[in-house]
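K.L.:
Attaching a single structure in structure tokens format; questions to follow.
The values are calculated or read from the model by the stated rules, or taken from the named source; none is laboratory data. All of these numbers come straight from a predicted model, not from anything done at the bench. So basically every Cβ, Gly included, is an ideal-geometry build from the backbone, and we count neighbours across all protein chains shown. Just the protein is used for accessible areas: all its heavy atoms, side chains included, with ligands, DNA and RNA removed. Shrake-Rupley method; radii C 1.70, N 1.55, O 1.52, S 1.80 Å.
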Amino acid sequence: MTATDADRPAHSDWSEEMSTLLARQVDIRLLPALDALLQEGSVTGAAERLALSPPAMSRALSKIRRALGDPVLVRAGRGLVPTPRALELQPKVRALMRAAEDILTPHQQEDLTQVSRTLTIVADEAYAAVLSPALLRRAIQEVPLARFTFTAESSHGNAPLREGAVDIEIGIIDEPSPELCIEPLFRDEFVGVARTGHPLLSGEVTARTFAAARHVSVSRKGRMTGPIDVGLRELGLRRDVIASVPDYGEALLMLPLTDFVTAMPRSLAVSAQKSVSIEVFNLPVETDPISICQAWHPRHETEPVHVWLRQAIRSALPPASAGH
């Protein structure tokens with residue numbers, strides 16, 4: 001390194017490079033004018049094609065000539081003819097314009113049978129269990145190359161949706177955000193569930209007989225009490241909670257083999273009846289309804305396979321839950 005180099009400020013080379021790039025910067029807005037001029041072979045025709053005035057097109061031609069260092073169109077009798085440089089550029093300019101038109105034109109419907117993509121769905125296991133069978137049956141027919149990942153709710157709120165790690169979230173969306181699209185799907189409610197033939201179901205299920213049964217609580221945090229207990233307490237009653245399990249799947253496996261009783265969303269209970277020997281009954285105390293939504297990031301709003309996913313989720317809801 002010479003003394004001159006050592007004395008030069010560290011940012012000097014970068015500044016010189018940027019100055020050179022800026023000096024060479026081309027006004028890409030001239031491309032449509034150049035394309036029109038080469039296709040029409042006249043300033044007037046090019047002006048009409050782009051809905052400009054002839055003087056405005058003449059000014060654009062002057063700028064193009066300066067940028068290219070070539071006259072582009074030259075007088076020949078009463079008309080204009082392209083220069084050799086213009087003839088060389090014409091197919092390249094046309095190709096660029098076609099590419100630009102393709103980028104800025106809405107694409108035709110994508111062939112979903114050829115879409116090979118993994119779609120990640122965040123859902124409480126209750127709603128994943130309700131929705132996944134019908135969703136996957138439909139996917140095999142309509143998006144056979146797509147793959148689906150169902151994941152549990154994240155402790156990071158809606159950050160995975162915003163960051164693109166998740167395609168869609170289904171459940172109680174308790175963190176509404178202007179950055180997300182949120183669509184209500186249906187309203188659900190809690191019901192009681194017990195094995196087929198449970199003594200509790202031999203007569204009317206009252207608050208007192210319900211409280212007297214042995215219960216399993218479903219809570220990720222291991223809680224033994226919840227809204228049902230609040231309702232019972234107002235009636236001077238208390239239920240006997242024997243155990244707490246983290247998800248409804250575990251509760252459903254326990255019920256057919258025991259006399260335990262639990263509560264779960266109606267949509268899950270009705271769906272589980274098809275494969276598990278259980279009975280569903282109305283709770284003798286009131287609980288607030290549940291609003292189930294699907295949420296996604298606006299980046300996916302018009303993506304064909306994502307549009308398909310949202311519609312498929314809507315149609316996959318079981319009829320028993322659609323009315324709640």
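K.L.:
Closer than 17 Å to Ala194 by Cβ and not hydrophobic (A, V, I, L, M, F, W, C): is that true of Ser219 in this structure?
P.N.:
Details: closer than 17 Å to Ala194 by Cβ: no; not hydrophobic (A, V, I, L, M, F, W, C): yes.
No, not satisfied.
K.L.:
Another question, then. Out of all the residues in the range 129-138, which are closer than 13 Å to Arg310 by Cβ and of a type in the set (A, V, I, L, M)? Let's see the steps before the verdict.
P.N.:
Step one: list which residues in the range 129-138 are closer than 13 Å to Arg310 by Cβ, which gives 131, 135, 138.
Correct list: Leu131, Leu135.
K.L.:
Which of the residues that make up the range 199-224 are touching a strand residue (DSSP E or B) at 6+ places or on another chain (Cβ under 8 Å), open to solvent by 50 Å² or more (accessible area, probe 1.4 Å) and touching a residue at least 24 places away in the same chain (Cβ under 8 Å)? Give the derivation first.
P.N.:
Going residue by residue through the range 199-224, those that are touching a strand residue (DSSP E or B) at 6+ places or on another chain (Cβ under 8 Å) are 200-201, 205, 210-219, 222-224.
Imposing the further condition that a residue be open to solvent by 50 Å² or more (accessible area, probe 1.4 Å) reduces the set to 201, 212, 214, 223-224.
Correct list: Leu201, Ala212, Arg214.
K.L.:
Have a look at Val307, Val276 and point out the one that is surrounded by fewer than 17 Cβ atoms within 10 Å (Cβ to Cβ), among the β-branched types (Val, Ile, Thr) and assigned to a helix (DSSP H, G or I).
P.N.:
It is Val307.
K.L.:
Counting residues that are closer than 17 Å to Phe260 by Cα, which strands (runs of 3 or more DSSP E) fully inside the range 117-223 reach at least 2?
P.N.:
Values: elements: 118-123, 147-151, 168-171, 181-188, 190-195, 214-218.
By residue number, 190-195, 214-218.
K.L.:
Name the residues in the range 37-67 that are buried (at least 18 other Cβ atoms within 10 Å of the Cβ), of a type in the set (A, V, I, L, M, F, W, C) and assigned to a helix (DSSP H, G or I), would you?
P.N.:
Leu37, Leu38, Val43, Ala46, Ala47, Met57, Ala60, Leu61, Ile64
K.L.:
Just to be sure, is Ile290 on the phi < 0 side of the Ramachandran plot and in contact with a Leu (Cβ under 7 Å, 6 or more places away or on another chain)? Don't jump to the end; show me each part of the working.
P.N.:
Details: on the phi < 0 side of the Ramachandran plot: yes; in contact with a Leu (Cβ under 7 Å, 6 or more places away or on another chain): no.
The answer is no for Ile290.
K.L.:
Right, next: Would you mention how many residues in the range 282-300 are open to solvent by less than 20 Å² (accessible area, probe 1.4 Å) and under 18 Å from Tyr248 (Cβ atoms)?
P.N.:
2
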